[in-house]
Amino acid sequence: MPGELWLADTNVLIRWLQPHDRDYPIAQRALPRLENVAAIPCYTSQNLGEFWNVLTRPANRNGYGLTPAEADSQARVIETRFRLLPDAPAVHEEWRRLLVDYSVSGTQVHDARLVASMRVHGARRLVTFNTRDFARFTAIQAFHPSHV
């Protein structure tokens, strides 16, 4: 839908900017598809923190081994091309509600926080390589980048 907010999951943002990643072509095709329908691609501070973590973590620890300066350069690309969904007390309150309502535990608390931000800011669609992680959240739709 034109002007609709779409949140990009961290796994998409990383692959979108890492040409050596095997999923780079899929991520690269997804953004123009969103722009073709006048969708507004978005990110959160959480996304950018996770992005920075993976980019600067050593390759032997499942990261990309970039320097902070290199990560900063790539983060600026995201900040230029995507809209920030800012943190707010309402995001925290919605996140806490989701944790209880959906019995969220373990690492999925991070996914719930992204969903909380989406709900507060009116985004209903998410592009992610891990659509199953978001299936429980009925107020949003998660799409694999190849199905955007």
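Ranked from highest to lowest mean number of other Cβ atoms within 10 Å per residue, what is the order of the peptides 81-90, 39-48? Intermediate results must be reported in sequence, preceding the final value.
Values: 81-90: 14.5, 39-48: 19.8.
Going from most to least packed, we get 39-48, 81-90.
What are the ³J(HN,Hα) values, in whole Hz, obtained from phi via the Karplus relation 6.51 cos²θ - 1.76 cosθ + 1.60 with θ = phi - 60°, for each residue of the range 85-94 in sequence order, with x given for Gly and Pro?
9, x, 5, 7, x, 5, 5, 4, 5, 5
Taking H placed 1.01 Å from N in the peptide plane, check which residues at least 5 places from residue 57 or on another chain put their amide H under 5 Å from its amide H.
64, 65, 66
When Cα Rg over 2.2 N^0.38 Å is calculated directly from the model, which label among (1) 1.01; (2) 1.21; (3) 1.06 fits?
(1)
Could you run the Karplus curve 6.51 cos²θ - 1.76 cosθ + 1.60 with θ = phi - 60° over the range 51-66 and give me ³J(HN,Hα) per residue in whole Hz, x for Gly and Pro?
Working through the residues one at a time gives 4, 4, 4, 5, 5, 8, 6, x, 4, 6, 10, 6, x, 10, x, 7 Hz.
Remind me, relative contact order of the chain in percent, using alpha carbon pairs under 8 angstrom and six or more residues apart?
Values: 221 pairs, mean separation 41.1, N = 148.
Worked out over the chain, it gives 28 percent.
Could you run the Karplus curve 6.51 cos²θ - 1.76 cosθ + 1.60 with θ = phi - 60° over the range 9-14 and give me ³J(HN,Hα) per residue in whole Hz, x for Gly and Pro?
Once rounded to whole Hz, the list reads 5, 4, 5, 6, 4, 4.
I need the fraction of alpha carbon pairs in the range 90-144 separated by more than 18 Å, rounded to a whole percent.
On the way: 314 of 1485 pairs.
In whole percent, the long-distance tail amounts to 21.
Using amide H atoms built in the peptide plane, which far-off residues or other-chain residues are under 5 Å from residue 143 H to H?
Close amide H contacts, sequence-distant or interchain: 126, 127, 128.
Kindly rank 50-60, 96-106, 123-133 from highest to lowest mean number of other beta carbons found within 10 Å of each residue. Could the numbers behind the result be given before it?
Details: 50-60: 15.3, 96-106: 12.7, 123-133: 18.4.
Ranking, from highest mean packing down: 123-133, 50-60, 96-106.
Give, rounded to the nearest 20 debye, the magnitude of the charge dipole that the chain has about its Cα centre when Lys and Arg contribute +1 at Cβ and Asp and Glu contribute -1 at Cβ. Numbers along the way, then the final one.
Working: 17 positive and 15 negative charges, 51 e Å.
In total the dipole reaches around 240 debye.
At 222 nm, what value in deg cm²/dmol follows for the chain if DSSP H runs of at least 4 each add -39500 (n - 2.57) and the sum is divided by all its residues, to the nearest 500? Could the numbers behind the result be given before it?
Values: 6 runs with 74 residues, N = 148.
Calculated from helices alone, the mean residue ellipticity at 222 nm is -15500 deg cm²/dmol.
Near the amide H of residue 5, under 5 Å away, which other amide H atoms are found, from residues 5 or more places off or on another chain, if H is placed in the peptide plane?
40, 124
Of 47, 104, 131, which is farthest on the positive side of the dipole of the chain, counting Cα position, with +1 on Lys and Arg Cβ, -1 on Asp and Glu Cβ, and the Cα centre as origin?
Comparing the listed Cα positions along the dipole, 131 ranks first.
How far is it, in nm, from the label point at residue 37 to the one at residue 136 when both lie 7 Å from their Cα along the line to the Cβ?
The answer from the label model is 2.7 nm.
We did not get these values from a lab; they are worked out from the coordinates using the rules stated. Quick caveat: nothing in here was measured; it's all calculated off a predicted structure. When we count neighbours, we look across all protein chains shown, and the Cβ atoms used for this are built from the backbone with ideal geometry, even at glycine.
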